[in-house]
Every structure is written in C-alpha cells, then in structure tokens.
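Below you'll find the structure, written out as structure tokens, and then a few comments.
The values are calculated or read from the model by the stated rules, or taken from the named source; none is laboratory data. In this text the structure is predicted, and so the values were computed from the model without any measurement. Here Cβ is always computed from backbone atoms with ideal geometry, including for glycine, and neighbour counts include all displayed protein chains.
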Amino acid sequence: METYDIAVIPGDGIGTEVTSAAMEVLDTVAENHDFQLERSTYDWGTERYLDEGAMMPDDGLDRIESADSIFLGAVGHPEVPDHVTLNGLLLPIRKGFDQYICKRPNKLFEGIESPLRGYGAGDIDLVVYRENTEGEYANVGGREHRGFSNEVAVQSGLFTRKGTERIVRSAFEAATEREGHLTSITKSNAQAHSMVFWDDIVKEVSEDFPEVEVSSLLVDRASMDLVRRPEEFDVVVASNLFGDISTDIAAIITGSLGLAPSGNINEENDYPDMFEPVHGSAPDIVGQGIANPLASVLTGAMMFEYLGDGKEAAADDIWNAVEAQLADESAPRTPDLGGDAKTVDVVSDLSDRL
Ligand code: NAD
Ligand code: IPM
Ligand code: MN
C-alpha cells in the first residue's frame, strides 16, 4: 500500500488535543483511499524545553527533513515567553525548510453564523498568501540596549526581491485559478522602504497577469474592509506580519479560529511542507476537551492535497464531510461555534460521515 511518512509535532496546549483528533480522521480517510500514513511523533514542545532547555534537539530539522510532510498542532505555554517557544521550533522549521508560502483559506460554510450581520453561506470565500520566511519576522540586526536611562530596542524587517517576488507571483497564480482578484496589503504610507519595494514588485509582476485585477490596500483600511465588505476579497497577498493579523480576522468572520486551516509550503524544494491550524495552543480552554478539531482536520485535508502527486479525492472527502456536518443542525458542535459538544463528539460524528 502507498505509504506516506508524516512527522507529527503535537506541541503544546490544545495542539495535542486537536492533533490526535485530526489523526483519527486522516487515518479513516487514507484507508478509504488505499493509502496509509506512517507517523513519527516528536515530543518537541514546551515540556521538553522545561526539562532539557530546548524545544527541539540541535539536529531537529535533520531528523524530519526526509518526511513526506510535517503536521503540527500548536506551540506556546503560559510559563515560558512566546518568543522563546516560537523561535525554538515553529519559526525555524518554516524558515529552515524555506516554506515561503503560508496559505490560509477561509470560507463561510452553511450552518455557520458569521459575527458579521447579513452574511450567509458562501458570501465570504478568500485565501491569504502570507509571506512566511522573512519580512517583519526576520529578526536580523535586532538588538536591545537595556539597563541605562535611554533604553532602546531595534526590530528590523527584511524584504528581499526573491522573497517578495515569489510570494507575490504565487498569489497571482492562485488568483488566475480563482476569481481573478488579488488584494495586496501593505503600509507604504508609513513604511517607505519595505512596503514601497513590495508595491513596486506587485506592479511589476502584475504585468505578467493582465487578467488579474489588483487592489492595493493599506493594512488599517484592509482590516476594516475585511469586516465591512469581506465579499470583495478573493486572493490576498501580505507580508509575514500583516498576513498573520489578517488571517485571524479572516478566521473569525468565517466563524471561528477553530475552523481555519493553514499550510506552510514550498513546492520547489525537496524539504517537507508543514501543515498546522491557524490557531495557537489556547491556554484558556486547554484540558477541557472542548477545542474545535475542525481546523486541524481541514489542515489535514490541505496536507493531503500536497502529498505525493496529490490526494485531492481524499482531501475532498474531508472538506465535504466537514461541510455536511456544519450544515446539519443536529450535529455536535464545540462551544466556539455555539454548541456544547466535546472534541471527541465532533470527531466521532465526522468519522461516521466518512
Ligand atoms: P490562540 O489561537 O491560542 O487562541 C485565541 C482564542 O481562540 C482563544 O480564546 C482560544 O480559546 C480560541 N481558540 C483557538 N483555537 C481554538 C479551537 N481550536 N477551538 C476553540 N477555540 C479556539 O491565540 P493566543 O491566545 O493569542 O495564543 C495562545 C498561545 O498560542 C501563545 O503562546 C501563542 O504564542 C501561541 N500561538 C501559537 C501558534 C502556533 O503554534 N501556530 C499560533 C498562534 C498562537
Ligand atoms: C501563526 C502564529 C505564529 C505566527 C506565532 C505563534 C509566531 O500566530 O501561525 O499565525 O505569527 O506566525
Ligand atoms: Mn497568527
């Protein structure tokens, strides 16, 4: 039987809860489609950091570089500063494997109530292409001079032509396969170097895609329009930080962070891609068994789309089952969606549908 090696990093908090839930669903679907997942699970996370002083071993990336894909739950723990946990695991993987596309689709499904008045099924359907290896997250040249009267901290950003052009081009390509509309989010009124550079590259690349209609929005205005008229967004391209912010907004206007999947992708190199939900470790609900597993489940569907030569049929089964469950008023749903079901109830109902 066709077998795929998956490196699984459940991580912290609800990351572990939603990962085991998702794996149950993925196994069922794989079996239905005559392939299997061979999982290696890595206990990399904050517990390990507290025991051994590092989130992952020094040769962490070497250990997982030959996997077919990586599946991650979430990272972050109230007892350790987030910049330590995230810079010790998640960000080095994205960067180390050069996963320059962070692809985050959001759709308002039937049966889901958007917090936005007047929006119903299908009215919101967008995908964010977030730059994922540089930008405001590059941490180059950053420094602090603390402990004297005029303290100072410097946080730089790094925008390379290669890094900017490749994410912009990928987003244009995506737009040609969707509704043909691309929104680029910047802040070029205030950030005269990086964001003007970005705008210029968008303009250049647009010449290769005359059929794509391009809008350029400042990030403040874009955040408002995601709430005011989200139906106007099709493909969004944004820097690392602005993409991060807009994908939490895109998640909530389509119902919940608990429904938002994400992939960290580079289709040109031989390293594995990494799939993880948009949400974090949610310390406020950890241990209660009420985390919504659907973001992770849909993340698994995205992983299937990028496995080998593509397991689209398996991925479609997952999307369809989730859509059917959400549309069914009598199906279990977790508290983030207004229900009182547990993670396990949602998974077992989904498994029945599959
Ligand atoms: P968060 O995404 O963990 O939670 C935000 C809110 O959404 C919380 O109220 C939470 O309960 C809710 N929520 C999130 N996922 C949910 C789910 N599946 N089901 C139901 N409700 C859900 O964001 P935060 O509170 O800003 O961050 C908590 C920790 O997670 C921090 O340490 C942060 O650094 C980390 N984080 C990690 C990742 C990642 O590993 N990819 C992503 C975001 C945040
Ligand atoms: C995300 C998260 C991460 C990010 C954090 C935890 C570093 O918010 O995946 O959206 O900003 O990329
Ligand atoms: Mn985020």
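One residue stands out among those in the range 1-19 that are under 18 Å from the mean Cα position of the chain (by Cα) and not β-branched (Val, Ile, Thr): the one that is farthest from ligand 1 (Cβ to nearest atom), which is Ala7. Taken as a whole, the structure leaves Asp208 outside the set of residues that are acidic (Asp, Glu) and either buried (at least 21 other Cβ atoms within 10 Å of the Cβ) or within 24 Å of Lys95 (Cα to Cα) (or both).
Results for (1) over 10 Å from the mean Cα position of the chain (by Cα); (2) within 15 Å of ligand 3 (Cβ to nearest atom); (3) among the basic types (Lys, Arg), shown as yes or no for each residue.
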| position | (1), (2), (3) |
| --- | --- |
| Leu241 | yes, yes, no |
| Ile245 | yes, yes, no |
| Gly255 | yes, no, no |
| Ala260 | no, yes, no |
| Gly263 | no, yes, no |
| Asp273 | yes, no, no |
| Glu276 | no, yes, no |
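Exactly one residue among Gly289, Gly263 is within 20 Å of Ile6 (Cβ to Cβ), of a type in the set (Gly, Ala, Ser) and in the same structural domain as Ser66 (by TED's automatic domain parsing), and that residue is Gly263.
If you check Leu307, Leu326 for being in a helix (DSSP H, G or I) and either in contact (Cβ under 8 Å) with a residue 60 or more places away in the chain or closer than 26 Å to Leu90 by Cβ (or both), only one passes: Leu326.
Ala192 fulfils the conditions (1) in a helix (DSSP H, G or I); (2) modelled with pLDDT under 95 except for a single criterion, (1). Cβ-Cβ distances below 6 Å connect the following pairs, each with a first residue in the range 67-81 that is touching a residue at least 60 places away in the same chain (Cβ under 8 Å) and under 15 Å from Pro277 (Cα atoms), a second residue that is buried (at least 20 other Cβ atoms within 10 Å of the Cβ) and charged (D, E, K, R), and a separation of six or more residues or different chains: Ser69/Asp273; Leu72/Glu276; Val75/Asp12; Gly76/Asp12.
Okay, residues lined up against (1) surrounded by 24 or more Cβ atoms within 10 Å (Cβ to Cβ); (2) within 16 Å of ligand 2 (Cβ to nearest atom):
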residue	(1), (2)
Val212	no, no
Val235	yes, no
Asp244	no, yes
Gly258	yes, yes
Ser262	yes, yes
Gly280	no, yes
Ile290	no, no
Thr299	yes, yes
Gly308	no, no
